[in-house]
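J.: Could you have a look at this structure, given as structure tokens, before my questions?
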Amino acid sequence: MTRRQTLGLGIASLLSTFAGYSGTENSSAKNFTELSEYEQSSSELTDLCSISEPTCSLGSYAKEQGILYGAAAKHNTLSSDSEFATIFSQECRVLVPENDLKWEVVRREPGQFNFSKADWMAEFAQSNNLQLRGHTLLWHHYFPQWVEQTLGADNAEDMLIEHVQTVVKRYAGRMHSWDVVNEAVDHESSRQDRLRTSPWLSFIGPEYIDLAFWTAHEADPEAILVYNDNGLWWDAPEGEAKKAAVLQLLETLRSQGTPVHALGIQGHLLGHEMHQMNPEKLRKFLSDVSSLGLEIMITELDVNDHNLPDDVGLRDRLVAEAYYNFLSVVLDEPAVTTVVTWGLSDRDTWYSGWGRKENARPLPLDRDLNRKLAWRAIVESFISTSHQGDNIYS
Ligand code: G3I
């Protein structure tokens, strides 16, 4: 049996061991003991190759399948942690500023634009030969207070156009893609179109989405324009309702000729809820989105481990399984072109603010920038996928 087959078996066995894990039944404890056989191979599972080899990275393994892989990062982290910045530029082929292109950073002061952090990130991407992905032009919250106080029916359209035009034009020709509108669908909305209540919807109406995409397209005709949303990976009732509502929005936008080019599936997986992911329903959703002529990007992938066992060895295996389980489904869809993890190392994850906080282990590298089983599981999902994309950016 080849090394890869052994390895694939290892990951596959992880899968079968935990297929029904929900973190509540005692029966799952029985399954955990079967994992110990991999204890001795965990180092083997992560020493596939040396980071010193140019082809030995998440980005390189993804590129072999026509997939663009990268991660989100903060200006504060990349600009102050040179060790992390070096590893980031080796593992990734696209950089997403986690917060530095948001209103809360770019528009912190009334009536001003502050691009200092975003410009630094754009320069870092360019000097490290990384693609740059913009996140996000319009969202329903995290506005600076002055914006909340200023936005109204008389100026919302002008403020939207000014913001999108100014920000997109600044990076025109350098931006791989933009999350133009983020999380605009609320499956619990009483509206027929299930759009989420927001200042944009209140003051402009549902047309705000079309306006944002056209303004972005006119400002940078080269950028791939993305509608980005969460909760699309799972089969729980709310997940199904969300999928249906997002598909309805995309069908409407495409039918009216809105320049939306891709769906962004955030992919914030819940490690203890992976039994809620129905592969066949997810495949059908991806296929339905693709049939609209849209690309699909996995834009904020991570695995929340706060409800998984405390034992780090077991927790790492469950996190690895979740990555492999999810990516093995989505990467079979040819329209999937991009995979971005919401962070690269546990050293800097948004989960450090809650849940397990500094003990969270949601990402491919640990806090010391060592590769974890999650790194290997993502590599294995790239290696084993039947995906044959032709992503010119990867
Ligand atoms: O950098 C400042 C720091 O100087 C200050 O002391 C501190 C306390 O005020 O705030 C720090 O900024 C915070 C920033 O995270 C960096 O930690 C912001 O207040 C906080 O709002 C920001 O939270 C971000 C959140 O979006 C809201 O923008 C998270 O990092 C980021 O991971 C999260 O990402 C979102 C995506 O944009 C959309 N999808 C969901 C995802 C997770 O919520």
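Bear in mind that the values in this text are calculations on the coordinates, not laboratory data. Quick caveat, the model's predicted, so the values are computed rather than measured. Neighbour counts are summed over all protein chains in view; Cβ atoms, including those assigned to glycine, are modelled from backbone coordinates with ideal geometry.
J.: Given the options Val329, Val312, Val106, which has the most mean-square fluctuation in a GNM of the chain, springs set between C-alpha atoms less than 10 angstrom apart?
T.: Val312
J.: Right, here's the next one. Amide H to amide H, which residues 5 or more places from Gly70 or on other chains are under 5 Å from it, using H placed in the peptide plane?
T.: Amide H neighbours of Gly70, under 5 Å, 5+ apart: Arg93, Val94, Val339, Val340, Thr341.
J.: For the chain, can you list the cysteines whose C-beta has no other cysteine C-beta under 4.7 Å from it?
T.: Cys92
J.: Longest exposed-loop-site-free stretch of the chain, with GluC sites (Glu not before Pro), DSSP loop and at most 15 other Cβ within 10 Å?
T.: Excluding the exposed sites themselves, the longest stretch runs over 223-394.
J.: For a 30 Å ceiling on Cα separation, which of these pairs sit above it: Lys242/Lys357; Lys74/Lys372; Lys169/Lys242; Lys63/Lys243; Lys117/Lys357?
T.: Details: Lys242/Lys357 28 Å; Lys74/Lys372 21 Å; Lys169/Lys242 32 Å; Lys63/Lys243 28 Å; Lys117/Lys357 25 Å.
As for pairs spanning more than 30 Å Cα to Cα, those are Lys169/Lys242.
J.: Quick one: putting +1 on the C-beta of Lys and Arg, -1 on the C-beta of Asp and Glu, what dipole do you get for the chain around its Cα centre, in Debye to the nearest 20?
T.: Charge dipole of the chain: 340 debye, to the nearest 20.
J.: Also: Any idea what angle helix 237-255 forms with the longest principal axis of the chain, computed on alpha-carbon atoms, 0 to 90 degrees, nearest 10?
T.: Computed tilt is about 50 degrees.
J.: Amide H to amide H, which residues 5 or more places from Val336 or on other chains are under 5 Å from it, using H placed in the peptide plane?
T.: Residues meeting the criterion, in which the H sits 1.01 Å from N, are Ile296.
J.: Right, something else. Once both axes come from the Cα atoms, what is the angle between helix 82-91 and the longest principal axis of the chain, in degrees from 0 to 90, rounded to 10?
T.: Once rounded, one gets 80 degrees.
J.: Given the options Gln276, Tyr142, Gln248, identify the residue whose Cα lies farthest towards the positive end of the charge dipole of the chain (+1 on Cβ of Lys, Arg; -1 on Cβ of Asp, Glu).
T.: Checked the options; the winner is Gln276.
J.: Could you tell me which of rounded, prolate or oblate describes segment 234-320, using a ≥ b ≥ c as the square roots of the eigenvalues of the alpha-carbon gyration tensor, with rounded for a/c under 1.5 and, failing that, prolate when a/b is larger than b/c and oblate otherwise?
T.: Cα axes put segment 234-320 in the prolate bin.
J.: Just tell me which aspartates and glutamates come within less than 19 Å, Cα to Cα, of Lys284; anything on the same chain fewer than 8 places away is out.
T.: Asp229, Asp235, Glu238, Glu240, Glu251, Glu295, Asp332, Glu333
J.: Also: As a test of the definition: which semi-axes, in Å, follow for segment 109-253 when you take the square root of five times each eigenvalue of its alpha carbon gyration tensor? Largest first, please. It would help to have the intermediate numbers written out before the result.
T.: On the way: eigenvalues 139, 81, 37 Å².
After scaling each eigenvalue by five and taking roots: 26, 20, 14 Å.
J.: On full extension of the chain, what length is gained from Glu238 through Asp119, given 0.36 nm per residue of separation minus the C-alpha to C-alpha distance?
T.: Result: 39.0 nm gained on full extension.
J.: Right, next: Where does segment 63-107 land on the Kirkwood hydrodynamic radius, alpha-carbon pairs, in angstrom?
T.: Kirkwood hydrodynamic radius for segment 63-107: 11.6 Å.
J.: Considering only DSSP beta bridges with both partners in the chain, what is the antiparallel share in %, to the nearest 5?
T.: Around 5 percent antiparallel, to the nearest 5.
J.: Please give the contour-minus-distance gain from Gln248 to Ala172: 0.36 nm per residue of separation, less the Cα-Cα distance, rounded to one decimal in nm.
T.: The span from Gln248 to Ala172 would gain 24.4 nm if fully extended.
J.: Fully extended, how many nm does the chain gain between Ser82 and Thr150 (0.36 nm per residue separation, minus their Cα-Cα distance)?
T.: Numbers: separation 68, 0.36 × 68 = 24.48 nm, distance 3.94 nm.
Extra length available between Ser82 and Thr150 comes to 20.5 nm.
J.: List, largest first, the extents of the alpha carbons of segment 185-338 along their principal axes, each in whole Å.
T.: Cα extents, longest axis first: 50, 33, 27 Å.
J.: For segment 126-179, divide the Cα radius of gyration by the Kirkwood radius and give the resulting Rg/Rh value with two decimals. If you can, show how the numbers build up before the last one.
T.: Numbers: Rg = 13.7 Å, Rh = 12.9 Å.
Looking at segment 126-179, the ratio lands at 1.07.
J.: Do me a favour and compute the ellipsoid semi-axes for the chain from its Cα gyration tensor, root of five times each eigenvalue, largest one first, whole Å. Please report the intermediate quantities before stating the final value.
T.: On the way: eigenvalues 239, 109, 77 Å².
Equivalent ellipsoid semi-axes, largest first: 35, 23, 20 Å.
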